[in-house]
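See below for the structure under consideration.
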Amino acid sequence: MSPEDFKKKYPTVSLEEVNDVDYVEDDNGDEVEVHSTYYIVKKLPVFDELALRIHPSEFERLDQIVEGKPELFKGVLGVKFDKTAEVVLSRVVGPSLFVPTPMRSSGEPIRVSTFYRGKAVSVHIYAQSTIDADIAFLGPRIVGGPIQYRSFFAVVTGIQKTGKLEQDVMAVLRSVLFDIEFTYGLALEAANLDRLKRRTMNARRRAPALPTDEINLVVKPYTPELIEYYHTAARVDYVPFKFICYFHIVEYFMDKSAHRVVSRRLRQILMRPDFHVNHQEHLNEAIKIFKAETEKNLTDKIKINRVLAEYVRRDEIRAFLDGLGLLEHFSKDHTLNGPRPLKVSALNFDSDQSFVESLGKRVYALRCSIVHSNPDFDESKAVPFHASQQNLDFLRTENDLMREIAHKVIVNSIAE
């Protein structure tokens, strides 16, 4: 089946042709250009939220999978059938640690038998090259998914159909995978869908291609802790935790911003030409400043606004959101459903002051909601965040803005 035939059969599907060039060494050690063509496939039936990278020769296999109408799991990368589930697994390995794969040389899977809810259940764990299941085809082809040679897959059979197959499969896999990790040193986990979801290509800014010429850069004194927070957010899968990682970058300067305000006001007082004559009057003014700032800084909301006002520019954020097609989303009020409704106010771009106040209010409301996730928490202080799929999708969009805010704070604070 050609890409054109696939498009005719599924007219709602989006196909984007990509022509790529790679460089490999031939038998003589010479560098040779290799041209390849693939398609970014989006808005697939069943897999609407994922983007796939498909070679022209693979559309027939993709068509067979779509026709089978598998049901995609909501939390992890897996598909379910009646009493069988196929789940993509990824390695749990530190960034600088290489652990060899203890798979059998014969290509046989790791076979596990167990019991769950009184019924016999089997779990087979395969390496990428040893299984021809549908999820083994899809997993490595998902944009942002596991690298093919590091991919593993679990096939779970025997779980009774209760309407909660995904929940039951994850209960079995968590137990089995942790026991294998502790006993045999092979650390695997189900691949989290939060890392792989792609709402639309507009919701991600495309970076320019690396130039072939030499790149001239200036060494900048970035704050190491802030870079670590930024990278930690990139590694975290759970959306609320990702938000908090980005917020930590704002939080880093919250007390420092108050200190700068006081220091600037005091310098202005000390530099007044009549200070030597009316020093008592000016000292009283300084005391009032200390008192006022102490009272103000009892609330984090004011601290947040000060950091945003100092490091984030209204026109830059507006242009950023407009470029991602998210300006309309952030220009509206939202209410997140849950045991208690959480109101999130729109951004106001009319002036610098209204922008900072509205942005600070939005960030503060979400931060407090996530931190105070106990449903019994006093609603007058914060409405706890309810981690429904709809609310997580909303927060995922908010994280696009939080990532940009964190980036601006890191970059604009290096001169200090």
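The values are calculated or read from the model by the stated rules, or taken from the named source; none is laboratory data. Predicted model only: the values in this text are computed from it and were never measured. As a convention, Cβ positions derive from the backbone with ideal geometry for all residues, glycine included, and neighbour counts pool all protein chains shown.
Suppose we keep only residues that are of a type in the set (Lys, Arg) and either modelled with pLDDT of 80 or more or in a loop (DSSP other than H, G, I, E, B) (or both) within the stretch 212-244. Which one would you say is nearest to the chain's Cα centre (by Cα)? Please lay out each step first, then the result.
We begin by selecting, within the stretch 212-244, every residue of a type in the set (Lys, Arg); these are 220, 235, 242.
The next check asks that each one be either modelled with pLDDT of 80 or more or in a loop (DSSP other than H, G, I, E, B) (or both); those that pass are 220, 242.
Details: LYS220: 26, LYS242: 6 Å.
If we take residues in the stretch 212-244 being of a type in the set (Lys, Arg) and either modelled with pLDDT of 80 or more or in a loop (DSSP other than H, G, I, E, B) (or both), then LYS242 is nearest to the chain's Cα centre (by Cα).
Could you please tell me which pairs satisfy a Cβ distance under 7 Å, a separation of 6+ or placement on different chains, a first residue in the stretch 211-231 that is without any contact (Cβ under 8 Å) to a residue 40 or more places away in the chain, and a second residue that is surrounded by 10 or more Cβ atoms within 10 Å (Cβ to Cβ)?
GLU225/TYR252
Output the residue which, of all residues in the stretch 67-106 that are in a loop (DSSP other than H, G, I, E, B), small (Gly, Ala, Ser) and under 19 Å from LEU177 (Cα atoms), is modelled with the highest pLDDT. Full working, then the answer.
The first filter runs over the stretch 67-106 and keeps only residues in a loop (DSSP other than H, G, I, E, B), leaving 68-70, 73-75, 77, 81-83, 92-106.
Those left that are additionally small (Gly, Ala, Ser): 68, 75, 94, 96, 105-106.
From the residues that got through so far, the ones that are under 19 Å from LEU177 (Cα atoms) too are 75, 94.
Details: GLY75: 76, GLY94: 43.
Taking the candidates together, the pick is GLY75.
Restricting attention to the stretch 311-345, report how many residues are surrounded by fewer than 13 Cβ atoms within 10 Å (Cβ to Cβ), among the aliphatic types (A, V, I, L, M) and in a strand (DSSP E or B).
0
Would you pick out the residues in the stretch 156-190 that are acidic (Asp, Glu) and either farther than 16 Å from ILE110 by Cα or out of contact with any helix residue (DSSP H, G or I) (no Cβ under 8 Å at 6 or more places or on another chain) (or both)?
Answer for the stretch 156-190, where residues must be acidic (Asp, Glu) and either farther than 16 Å from ILE110 by Cα or out of contact with any helix residue (DSSP H, G or I) (no Cβ under 8 Å at 6 or more places or on another chain) (or both): GLU166, ASP168, ASP179, GLU181.
Among the listed residues ARG61, ARG117, ARG53, which satisfies the condition of being on the phi > 0 side of the Ramachandran plot and either touching a helix residue (DSSP H, G or I) at 6+ places or on another chain (Cβ under 6 Å) or modelled with pLDDT of 80 or more (or both)? It would help to see each step written out before you state the result.
Numbers: ARG61 fails: on the phi > 0 side of the Ramachandran plot; ARG53 fails: on the phi > 0 side of the Ramachandran plot.
One residue alone meets the criteria, ARG117.
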